[in-house]
Amino acid sequence: MNIHTATIKGVHQTSHTRGAPRGVHLATAAPRQPDAADLRSRVDKVAAAAAAHAAAVDNQSRFPREAIDAARAERLLSIAVPRELGGEGLGAAEIVDVCYALGKACASTAMIYAMHQTKVACLVRHGRGSAWHRLLLRRLCAEQLLLASSTTEGQAGGDVRHSAAPVEGGAARITLERQATVISYGEAADGIVTTARRAAGAASSDQVLVAFLKEDYTLERLNGWDALGMRGTCSAGFKLAASGLREQILPEPYETIHSHTMMPFAHLAWSGAWAGIAAAAVDRARAFVRKAVHRSGGTLPPGAAHLTRALATHRTLRGLIAAALARFAAASADPAVLESVDFQSGMNLHKVNASELAVATVMSAMQACGLAGYRNDGDFTMGRHLRDVLSAPIMISNDRILANAAAASLLGGTPASLRD
Ligand SMILES: Cc1cc2nc3c(=O)[nH]c(=O)nc-3n(C[C@H](O)[C@H](O)[C@H](O)COP(=O)(O)OP(=O)(O)OC[C@H]3O[C@@H](n4cnc5c(N)ncnc54)[C@H](O)[C@@H]3O)c2cc1C
């Protein structure tokens, strides 16, 4: 039996046992040849759908259904899955660029996409050796499944490297019940990939990552999501009660998954989304300054220098992301480099720097527009961009990251050359 036949049989089997079969259409599962122009036009379509509904998504604090439906129609949810499993085998650079394009249109859509792709990246890199997870990835491609993430639990805030709730059960089946403080788009997702303590007797840092599909769990709302920004992420809190097969636990420990993929990939994808928000703010500020120049017969308005500053910080942010992507690509084949203090603190500090630059850029863009940027109405309002981007420093608190990195800052010295 070849792997293709086995995989498809497996998907049907899995669906059947759960009583919620969802057709796997072989025709739609055929791998698509990645092509930069083709990808650009597909992303543009999704971004257009996201932009058209961004204001309503924000006003109503609702899931960006139209944008995610468009992403499904354009098969963007599976572009990072290897081609042999039905995806397009695209890497972090392409994914981060999609996050950027979506961030220009609708921050919530971009962040949802970034979180989904982070989970896909974990499954692709760390689930490859597991038949169950290969089937999940194949099904994700065929059905364009959207995956949510659950790491934040109870009162632990952004302490991702400790879990309270344990996986329980026997050799075949497992259960998990956790108080998930925040699960973005939990209700809209087709599955949740969650951290958990390995077992009741395990230390809180001895974690695993488990993938559950919608038919495996129930969500009981603990709180809603009426937030300053990122309102379309619908990041409510839930009691997650899940059960499934023990094979649904990814084979590698979460410690490895976190350092090799989860942390660096999340920080890169998030920073792409934030750079997109900042780009939209810069474009708006530029339009404002152009209009002012036109109205005054060629005189630059006094706030024009803020536009220049916004452009400068945005340029720095783009450079930072490009450098971090190159660093991730160079490290990704070598576990020792991925696990090194230098790489880990570098990718954590990338998050801190990128979030601060994104906020600074949007602030400067707003100042360039003055009152027209501050007010909530009019063509140059910057309110949504500013509210959305203010999530960046708190989404895993910069303070927490800086405090955790403090000890590593004592090691080593500054490089001898700027080319090191
Ligand atoms: C838009 C959005 C979407 C999200 N989606 C999800 C999701 O889908 N799934 C999920 O699991 N989580 C999600 N989260 C949660 C996120 O991952 C973090 O867990 C959360 O933002 C941290 O919350 P906190 O500020 O309450 O916690 P904490 O990290 O505990 O921070 C609380 C306060 O303590 C300060 N602080 C913390 N540690 C230190 C320290 N060592 N030194 C000094 N000060 C410190 C912080 O600055 C902050 O003021 C989301 C968050 C946002 C903003």
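Computed quantities for the displayed model
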{"read-out": "Residue selected from the range 369-417 under the condition over 30 Å from the mean Cα position of the chain (by Cα) and either within 20 Å of SER235 (Cβ to Cβ) or among the aliphatic types (A, V, I, L, M) (or both), by the criterion nearest to the ligand (Cβ to nearest atom)", "value": "LEU410"}
{"read-out": "The range 67-119: number of residues that are outside any helix (DSSP H, G or I) and farther than 19 Å from ALA324 by Cα", "value": "10"}
{"read-out": "Filtered residues of the range 345-397 (kept if closer than 24 Å to VAL289 by Cβ and assigned to a loop (DSSP other than H, G, I, E, B))", "value": "GLY370, ARG375, ASN376, ASP377, GLY378, ASP379, PHE380, THR381, MET382, LEU390"}
{"read-out": "Qualifying helices (runs of 4 or more DSSP H) (wholly inside the range 231-339; at least 2 residues being out of contact with any Ser or Thr (no Cβ under 7 Å at 6 or more places or on another chain), on the phi > 0 side of the Ramachandran plot and not assigned by TED's automatic domain parsing to the domain that holds PHE63)", "value": "none"}
{"read-out": "Some residue of the range 174-190 being surrounded by fewer than 15 Cβ atoms within 10 Å (Cβ to Cβ) and assigned to a loop (DSSP other than H, G, I, E, B)", "value": "yes"}
{"read-out": "Cβ-Cβ under 6 Å pairs, at least 6 apart or on other chains, the range 105-120 side hydroxyl-bearing (Ser, Thr, Tyr), far side within 10 Å of the ligand (Cβ to nearest atom)", "value": "SER108/MET230; SER108/GLY232; SER108/THR233; THR118/ALA266"}
{"read-out": "Every residue from the range 149-164 that is near the ligand (Cβ under 10 Å from one of its atoms) and either under 21 Å from PRO253 (Cβ atoms) or not in a loop (DSSP other than H, G, I, E, B) (or both)", "value": "SER149, SER150, THR151, THR152, GLU153, ALA156, GLY158, ASP159, VAL160"}
{"read-out": "Looking only at the range 147-163, and only at residues there that are surrounded by fewer than 22 Cβ atoms within 10 Å (Cβ to Cβ) and aliphatic (A, V, I, L, M), the one that is nearest to GLN179 (Cα to Cα)", "value": "ALA156"}
{"read-out": "Of all residues in the range 187-201 being touching an Asp or Glu at 6+ places or on another chain (Cβ under 8 Å) and charged (D, E, K, R), the one that is farthest from the ligand (Cβ to nearest atom)", "value": "ARG198"}
{"read-out": "Matching residues, the range 217-268, being charged (D, E, K, R), surrounded by fewer than 21 Cβ atoms within 10 Å (Cβ to Cβ) and out of contact with any Leu (no Cβ under 9 Å at 6 or more places or on another chain)", "value": "ARG221, ASP226, ARG246, GLU247, GLU255"}
{"read-out": "Residue identified as closer than 30 Å to GLU153 by Cβ and touching a Lys or Arg at 6+ places or on another chain (Cβ under 8 Å) among MET395, MET347, MET382", "value": "MET347"}
{"read-out": "Which numbered condition ALA189 misses (of (1) closer than 16 Å to PRO251 by Cα; (2) touching a Lys or Arg at 6+ places or on another chain (Cβ under 8 Å))", "value": "(1)"}
{"read-out": "Selected residue [more than 20 Å from PRO253 (Cβ to Cβ), of a type outside the set (D, E, K, R) and either in a helix (DSSP H, G or I) or at pLDDT below 95 (or both)] from CYS141, CYS122", "value": "CYS141"}
{"read-out": "Test: residue in the range 161-181 that is in contact with a Leu (Cβ under 6 Å, 6 or more places away or on another chain), among the basic types (Lys, Arg) and within 27 Å of ASP58 (Cα to Cα)", "value": "no"}
{"read-out": "Any hit, the range 206-217, residues being assigned to a loop (DSSP other than H, G, I, E, B), touching a residue at least 40 places away in the same chain (Cβ under 8 Å) and not assigned by TED's automatic domain parsing to the domain that holds ILE277", "value": "yes"}
{"read-out": "Residue match in the range 43-58 (condition: surrounded by fewer than 21 Cβ atoms within 10 Å (Cβ to Cβ), at pLDDT 95 or above, outside the structural domain of VAL193 (by TED's automatic domain parsing) and within 17 Å of the chain's Cα centre (by Cα))", "value": "no"}
{"read-out": "Residue count, the range 100-148 (criterion: more than 21 Å from ASP58 (Cα to Cα), within 14 Å of the ligand (Cβ to nearest atom) and touching a Ser or Thr at 6+ places or on another chain (Cβ under 6 Å))", "value": "2"}
{"read-out": "Tally of residues being within 16 Å of the ligand (Cβ to nearest atom), in contact with a helix residue (DSSP H, G or I) (Cβ under 8 Å, 6 or more places away or on another chain) and not small (Gly, Ala, Ser) across the range 165-186", "value": "1"}
{"read-out": "Hits in the range 227-245 - residues which are more than 8 Å from the ligand (Cβ to nearest atom), under 30 Å from ALA278 (Cα atoms) and in contact (Cβ under 8 Å) with a residue 60 or more places away in the chain", "value": "LEU228, ARG231, GLY232, CYS234"}
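The values are calculated or read from the model by the stated rules, or taken from the named source; none is laboratory data. Here the structure is a predicted model, which is why all the values come from computation and not from measurement. Note: ideal-geometry Cβ built from the backbone for every residue, glycine included; neighbour counts use all protein chains shown.
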